[in-house]
Amino acid sequence: MTPSDGTSSFDEVNQSFDKAADRLGLADGVREMLRRPWRELRVSVPIRMDDGSIKVFDGYRVQHNGVRGPYKGGIRYHPDADQEEVRALASLMTWKNALADIPFGGAKGGVQCDPAQLSEDELNRLTRRYTVNIEHLLGVNRDIPAPDLGTDAQTMAWMMDAYGQIHGYIPGVVTGKPVELGGSVGREQATGRGVVFVTRNAAMDMGMDHSQARIVIQGFGNVGSWTANIAGELGCKVTGVSDVNGGVHNEAGLDIPALLDHKREAGTVAGFAGGEPMSNAELLELDCEVLIPAAIDRVIHKENAPNVRAGMIVEAANHPLTPEADDIFEDRGIPVIPDILVNAGGVIVSYFEWTQNLYQHRWTIDEVNTELDSIISKAYRKVRETAGEKGLSHRDAAFLIGVGRVAETSRIRGFL
Ligand code: GLU
């Protein structure tokens, strides 16, 4: 998928980790302990398909680091979700949760499959079998999954039910559940809302008027579509969006409610009449103030980074830039606001959901959104301050804070 010279995603994430470890002066052993996943599980996930045949999928759960609290991170259903990819995403969760200063370690799970090719019944059976196979790792105070790419609130309902068949009713064992089953209001929108809060803060600091800025969003799944929706509500101008089937562009600003209606009916943004059709590759190179990659990893790399014409890049997806692309933007003076800050809104509201489940009390949507703004904006300010004081990129500053907090907690716990 990516011209990244065969480097794995985990190696790439570790380039940022290593820079932080160098700056913190971490001893070799501590560095090794923080870099490596603490536990990895690969499971076979056999299911009966609707046609009666049996298919076996590979499933993973990687618990990267549990120093700061129970392991926390989503479950991805995607053809690229192999062990290496899940490992990279698990380590990003460790640094993301520490940067947001919420009481979790980092984990990630995945099943290597194409969910678009599976029926609802097949997905239900796949989720149950996967859950039963990793169940011994999970627990409300041990490891708490959530949705990610290719999974949603329904997937979490099946997981909670499968876990409950063994352990009884424990809604806090997964987050991102349907509200009817103990999910939090605002969780589904939370990642997109966080992206918009961070974009607003960064635009303000960079002297842009966010309501005038042209915003281009690549990816129109949960994160991309809610980002567009909420940005639209705040009066921002979204001039381009795309999904796997293609994109649309309108320099005057897309009519987001009409686009969302089109997506609901057609299942894609491609073919929307309120703009010009455009490929994903062209979309990434549109002239704009804010470019938001909100789909999969490594979509901006050394080949297309020189052609990007954005004033700022806001990483809503996990790991959408290769390190070479990062260097190119640094040379070109284009600020990159990193994934572990930008997309933390999802796991922050997962934390609220878990808290609500633990004390059996529901928050209002205003409480959720106000508290989300406060936590993500605090993390944003810390990143800005650190970047300014130490002369670092936003990514290097974010990793320095995240890795520093995990290292310090390890030291205080005294187990080394
Ligand atoms: N999958 C989301 C992420 O990558 C949310 C994880 C969670 O809520 O635990 O941050």
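Candidates in the stretch 67-87 are the residues that are free of Cβ contacts under 8 Å to residues at least 60 places away in the same chain and not aliphatic (A, V, I, L, M); of these, the one that is nearest to the ligand (Cβ to nearest atom) is Gly69.
So that you can scan it fast, the table gives a plain yes or no per residue for (1) surrounded by fewer than 24 Cβ atoms within 10 Å (Cβ to Cβ); (2) more than 28 Å from Asp287 (Cα to Cα); (3) away from the ligand (no atom under 15 Å from the Cβ):
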position	(1), (2), (3)
Ala146	no, yes, no
Met159	no, yes, no
Glu180	yes, yes, yes
Thr199	no, no, yes
Gly207	yes, no, yes
Ile230	yes, no, yes
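Applying the condition of being among the polar types (S, T, N, Q) and crowded, with 16+ Cβ neighbours inside 10 Å to the stretch 13-63 and asking which residue is farthest from Phe415 (Cα to Cα) yields Ser16. Contact annotation: residue pairs with Cβ atoms under 7 Å, 6 or more positions apart or on different chains, pairing a residue in the stretch 90-115 that is surrounded by fewer than 24 Cβ atoms within 10 Å (Cβ to Cβ) with a partner that is among the basic types (Lys, Arg), are Pro103/Arg68.
One line per residue, one yes/no per condition, for (1) at pLDDT 95 or above; (2) farther than 14 Å from Ile296 by Cβ; (3) within 17 Å of the chain's Cα centre (by Cα):
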site	(1), (2), (3)
Ser53	yes, yes, no
Val56	yes, yes, no
Asn65	yes, yes, no
Lys72	yes, yes, yes
Arg76	yes, no, yes
Gln83	yes, yes, no
Val86	yes, no, yes
Ala90	yes, yes, yes
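Keeping to the stretch 38-65, report how many residues are closer than 24 Å to Gly176 by Cα and without any contact (Cβ under 8 Å) to a residue 60 or more places away in the chain. So the answer is 6.
Only residues that are part of a loop (DSSP other than H, G, I, E, B) and either closer than 21 Å to Asp297 by Cβ or away from the ligand (no atom under 16 Å from the Cβ) (or both) were counted in the stretch 103-144, giving 5. Any residue at all in the stretch 389-398 that's at positive phi and within 16 Å of the ligand (Cβ to nearest atom)? No, the stretch 389-398 contains no residue that is at positive phi and within 16 Å of the ligand (Cβ to nearest atom).
Of the residues Ile348, Ile365, Ile412, Ile401, which single one is aliphatic (A, V, I, L, M) and within 16 Å of the ligand (Cβ to nearest atom)? Every option except Ile348 fails the conditions.
Among the residues of the stretch 209-230, those that are touching a strand residue (DSSP E or B) at 6+ places or on another chain (Cβ under 6 Å) and outside any helix (DSSP H, G or I) comprise Ala213, Arg214, Ile215, Val216, Ile217, Gln218, Phe220. Of the residues making up the stretch 88-102, just one is within 12 Å of the ligand (Cβ to nearest atom) and not in a helix (DSSP H, G or I), namely Ile102.
A residue that is β-branched (Val, Ile, Thr), under 16 Å from the mean Cα position of the chain (by Cα) and on the phi < 0 side of the Ramachandran plot can be found somewhere in the stretch 283-294. Is it the case that some residue within the stretch 195-202 is free of Cβ contacts under 8 Å to residues at least 24 places away in the same chain and within 24 Å of Arg362 (Cβ to Cβ)? Looking for residues that are free of Cβ contacts under 8 Å to residues at least 24 places away in the same chain and within 24 Å of Arg362 (Cβ to Cβ), one finds none in the stretch 195-202, hence no.
The sole residue among Ala273, Ala252 that is out of contact with any helix residue (DSSP H, G or I) (no Cβ under 9 Å at 6 or more places or on another chain) and either crowded, with 20+ Cβ neighbours inside 10 Å or not charged (D, E, K, R) (or both) is Ala252. The requirement of being among the small types (Gly, Ala, Ser) and under 21 Å from Asp339 (Cα atoms) is satisfied by Gly73. Of all residues in the stretch 306-326, exactly one satisfies the criterion of being within 21 Å of the chain's Cα centre (by Cα), more than 16 Å from the ligand (Cβ to nearest atom) and of a type in the set (Gly, Ala, Ser), namely Ala325.
The values are calculated or read from the model by the stated rules, or taken from the named source; none is laboratory data. Predicted, not measured: the structure shown is a model, and the values here were computed from it. In this analysis, Cβ positions are derived from the backbone assuming ideal geometry, glycine residues included, and neighbour counts consider all displayed protein chains.
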